[in-house]
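Peer 1: The structure follows.
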Amino acid sequence: MEHAEAVVIGGGQSGLAAAHALARTGLKPVILEASDRAAGSWPYYYDSLTLFSPARFSALSGLPFGGDPDRYPHRDEVVAYLDRYAARLDAEIRTGHRVARVTAEAGGAFQIKLEGGAALTAGAVVAASGSFASPYRPALPGLESFTGRTLHVADYHSPQAFAGQRVVVVGAGNSAVQVAAELARTSRTTLATRAPVKFARQQLWGRDVHFWLTRTGLDAAPLGRLPRTPPGQPVLDDGRYRAALAAGAPERRPVFTGLDGGKATWADGTVEEVDAMILATGYRPHLPYLAGLPGATDASGRPRHRDGASLAHPGLAFVGLEWQRSLSSNTLRGVGRDAHRVARRLAAHLTRR
């Protein structure tokens with residue numbers, strides 16, 4: 001059976017960052033990517049997605065984003081950047097290789113089984129498969145009985161399909177506000193949130209907020225170690241989204257109290273027909289292939305780790321988790337820091353073995 005020093009599961013931004021970091025330690029990583037290209041979930045996000053961080057703060061380790069460093073790159077620019085990064089990476093990338101199951105072998109190694117029956121072994125494994133394949137759908141009152149169209153923002157692409165309709169977007173984060181604002185141009189749209197939307201200024205004292213996050217060290221601070229779940233991040237805004245909500249385009253309401261057929265009941269007792277419900281409610285780690293590793297995840301499927309290092313298996317690590325170590329852990333600008341910490345630990349583990 002083929003053996004690799006280290007296997008990285010997932011070829012998106014986290015997997016590429018992990019492979020780069022492992023190669024820097026002298027290891028020869030193999031990336032197993034389920035899709036036909038190493039760009040992760042970026043090609044599948046909604047058409048108008050634009051980063052909230054400037055290009056100078058949106059690059060992986062070892063390759064600047066290029067172009068105007070102060071612009072806010074579009075989704076397609078990110079995809080092209082990841083393509084360039086993958087082409088320059090000193091690692092083997094195998095696309096069309098979906099991992100079905102990882103199991104432990106004697107001596108601390110792992111066996112990685114692929115869909116279709118093939119398998120290989122590895123001394124170390126990095127789970128970097130992201131969360132796009134596990135969109136979070138919260139329990140909302142009556143959602144199971146709603147007869148209108150229901151979709152997660154992971155399946156949303158453009159407002160054209162909803163023109164002239166009554167649409168409700170559930171969520172209070174960057175994606176929820178961005179999608180609701182663009183839908184409101186052609187549809188009657190409500191942004192349904194459990195609390196008022198929190199905004200943060202995109203620019204402070206003439207600089208993008210990411211400049212200050214980096215300068216103060218807050219961007220890399222180990223906030224993920226806090227004994228409580230860190231608070232949700234506010235929506236970064238240059239003023240346009242705050243103004244859109246103030247103008248009622250979209251309107252903001254507390255989450256509906258119930259759904260019945262195609263009707264929504266709001267907190268003030270109003271009942272109205274709704275055509276579509278878009279859930280911009282986040283994602284959860286997608287790690288079904290770790291079910292064969294006792295203790296790798298908890299009962300809810302969340303990874304058990306500290307700073308990305310598995311608490312149960314010394315040769316297993318995670319990269320790209322939200323709040324893995326800092327507020328930027330699952331971003332283009334921050335994933336490389338976590339990847340290098342993880343890579344050094346795995347290299348030391350393999351040396352000891």
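The values are calculated or read from the model by the stated rules, or taken from the named source; none is laboratory data. All of these numbers come straight from a predicted model, not from anything done at the bench. In this analysis, Cβ positions are derived from the backbone assuming ideal geometry, glycine residues included, and neighbour counts consider all displayed protein chains. Keep in mind that these areas ignore ligands, DNA and RNA; they rest on the heavy atoms of the full protein, side chains included. Shrake-Rupley method; radii C 1.70, N 1.55, O 1.52, S 1.80 Å.
Peer 1: Which one of Gly258, Gly173, Gly66 has the biggest mean-square fluctuation once the chain is modelled by GNM with Cα springs under 10 Å?
Peer 2: Between Gly258, Gly173, Gly66, it is Gly66 that shows the largest mean-square fluctuation.
Peer 1: Return the carbon/sulfur percentage of the accessible area of segment 275-324, one whole number, probe 1.4 Å, all protein chains in place. Write down the numbers at each step before the final one.
Peer 2: Values: 1000 of 1990 Å².
Ligands and nucleic acids excluded, carbon and sulfur reach 50 percent.
Peer 1: Among Pro303, Pro73, Pro288, which one shows the biggest mean-square fluctuation in a GNM of the chain, springs joining Cα atoms closer than 10 Å?
Peer 2: Its mean-square fluctuation being the largest, the pick is Pro288.
Peer 1: Moving on to the next point. In whole Å, what is the distance between the alpha-carbon centres of segment 61-121 and segment 12-53?
Peer 2: 5 Å
Peer 1: Of Ala195, Ala347, Ala18, which is farthest towards the positive pole of the chain's charge dipole, taken about the Cα centre with +1 and -1 on the beta-carbons of Lys, Arg and Asp, Glu respectively?
Peer 2: Farthest towards the positive pole: Ala347.
Peer 1: Roughly speaking, to the nearest percent, how much of segment 57-205's 1.4 Å accessible area is carbon and sulfur?
Peer 2: Working: 3480 of 6900 Å².
Roughly 50 percent of what the probe reaches on segment 57-205 is carbon or sulfur.
Peer 1: Explain nothing, just compute: Karplus ³J(HN,Hα) = 6.51 cos²θ - 1.76 cosθ + 1.60, θ = phi - 60°, for every residue of segment 297-313 in order, whole Hz, x for Gly and Pro.
Peer 2: 10, 8, 4, 8, x, 7, x, 9, 8, 9, 6, x, 8, 4, 7, 10, 9
Peer 1: Could you pull out every whole DSSP H run in the chain that spans at least 27 Å of Cα extent along its own axis and averages 0.5 or higher on the Kyte-Doolittle scale?
Peer 2: Values: long enough: none.
Sorted by number, there is nothing, because no helix extends far enough and scores high enough.
Peer 1: Looking at the chain, what % of its DSSP beta bridges pair antiparallel, to the nearest 5? Kindly include the intermediate steps, with their values, before the conclusion.
Peer 2: On the way: 23 of 61 bridges.
Around 40 percent antiparallel, to the nearest 5.
Peer 1: GNM, the chain, Cα, under 10 Å: largest mean-square fluctuation among Arg306, Arg98, Arg240?
Peer 2: Comparing Arg306, Arg98, Arg240 in the GNM, the peak value goes to Arg240.
Peer 1: Right, something else. Taking amide H positions as placed in the peptide plane 1.01 Å from N, state which residues far from Gly148 in sequence (5 or more) or on other chains have amide H under 5 Å from it.
Peer 2: Counting only residues 5 or more places away or on other chains, the set is empty.
Peer 1: Near Lys263, which lysines are there with a Cα under 30 Å away, not counting those fewer than 8 places off in the same chain?
Peer 2: Result set, ordered by chain and number: Lys198.
Peer 1: Let me ask you something else. Determine the per residue accessible area of the chain with all protein chains present and a 1.4 angstrom probe, expressed in square angstrom. Walk me through the intermediate numbers first.
Peer 2: Details: 16060 Å² over 353 residues.
The answer is 45 Å² per residue.
Peer 1: Given H placed on each backbone N at 1.01 Å, which residues far from Thr121 in sequence or on other chains put an amide H within less than 5 Å of it?
Peer 2: Result for Thr121 returns Glu2, His3, Ala4, Ile112.
Peer 1: Follow-up question, since we're still on this one. If you average the alpha carbon positions of segment 292-353 and of segment 124-181, how far apart do those two centres end up, in angstrom?
Peer 2: Value for the Cα centre distance between the two parts: 27 Å.
Peer 1: Same structure again: Considering the dipole of segment 14-81 built from charges on the beta carbon (Lys and Arg +1, Asp and Glu -1) around the Cα centre, which of Ser61, Ala80, Ser35 is farthest to its positive end?
Peer 2: Ser61
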